[in-house]
Amino acid sequence: MKVERAIILAAGRGDRLRPITDEIPKPMITVNGQRIIDTILDALYLNGIREIYIITGYLKEKYQVLKEKYPDVVLLENEYTGCNNISSVFIAREHLKNTFIIAGDHIIRNPKVLDTEFTESGYNSIYTPDPTKEWIFDTEDNEHIFHCNRYGSDEGGWQLFGISRWSADDAAKLSRFIEEAFSAEENRSKYWDEIALIDHKDDFTLRIYPMDQSDIFEIDTLEDILNVDESWREKVAKMK
């Protein structure tokens with residue numbers, strides 16, 4: 001199988017990166033001279049992916065400039081305020097066939113993590129031997145996801161990152177499950193991954209696609225940016 005398109009989730013407010021995100025959405029922040037989302041788009045282009053949907057929301061007008069460098073990109077607006085990212089995948093549910101779903105706050109350092117050839121639906125993951133509060137996969141064969149620990153593990157394990165790919169068959173199921181879940185108000189606070197990894201885990205066989213620590217960096221907090229780009233320290237001080 002081969003990935004043919006990509007969905008980038010970029011609608012969130014990025015509150016943990018304030019005051020930077022008071023003026024710019026997190027994926028559009030420049031880190032070491034390059035916007036976060038550009039590292040994703042450049043990697044997709046290098047792997048031959050041109051059909052790309054970016055789900056915007058907060059400060060959506062800031063994304064229009066991307067069309068100058070990436071004219072193929074389609075911007076889809078998430079108008080569901082007060083919802084978690086399940087709402088963004090709900091909006092993109094018609095485009096899930098043979099698709100990457102990518103979190104917009106990941107700095108891609110190695111374009112090979114977006115290789116389009118794949119054998120099964122699944123998630124990119126990095127093995128960590130240390131205790132963590134990040135989402136962790138349990139695996140019985142070191143290849144497939146048996147269980148997902150949303151609250152981390154004292155023993156480490158395979159850590160979830162926001163890069164997944166979905167076959168046509170699994171995409172059809174995922175689209176249906178997302179639509180069903182989103183129809184209930186109480187589910188709108190969920191992460192979309194919960195639908196596949198927890199609520200309907202027995203309906204999918206999901207593979208782990210290993211990465212190295214150097215392949216990717218997730219920007220989650222203000223401290224993350226300050227740790228990788230010292231120039232932001234003075235800028236943030238002036239913002240406060």
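The values are calculated or read from the model by the stated rules, or taken from the named source; none is laboratory data. Quantities reported herein were computed from a predicted structural model and do not represent experimental measurements. So basically every Cβ, Gly included, is an ideal-geometry build from the backbone, and we count neighbours across all protein chains shown.
When you check GLY152 against the structure, is it in contact with a Ser or Thr (Cβ under 7 Å, 6 or more places away or on another chain), at pLDDT below 95 and closer than 30 Å to ILE20 by Cβ, yes or no? Judged against the criteria, GLY152 is a match.
Specify the residue that is farthest from ILE225 (Cα to Cα); the eligible residues are those in segment 2-41 that are buried (at least 16 other Cβ atoms within 10 Å of the Cβ) and of a type in the set (S, T, N, Q). Ranking the qualifying residues of segment 2-41, first place goes to THR39.
Those strands (runs of 3 or more DSSP E) of segment 139-240 in which 2 or more residues are of a type in the set (A, V, I, L, M) and under 20 Å from VAL89 (Cβ atoms) occupy 157-166. Taken over segment 7-33, the criterion of being in a strand (DSSP E or B), under 13 Å from the mean Cα position of the chain (by Cα) and more than 16 Å from LYS67 (Cα to Cα) is satisfied by LEU9 alone. In segment 21-47, the residues that are aromatic (Phe, Trp, Tyr) form Cβ pairs under 9 Å with partners that are modelled with pLDDT of 95 or more and crowded, with 20+ Cβ neighbours inside 10 Å, at six or more places apart or across chains, as follows: TYR45/ILE52.
Evaluated against (1) under 23 Å from GLY33 (Cβ atoms); (2) touching a residue at least 60 places away in the same chain (Cβ under 8 Å); (3) of a type in the set (D, E, K, R), ARG188 falls short on exactly one condition, (1).
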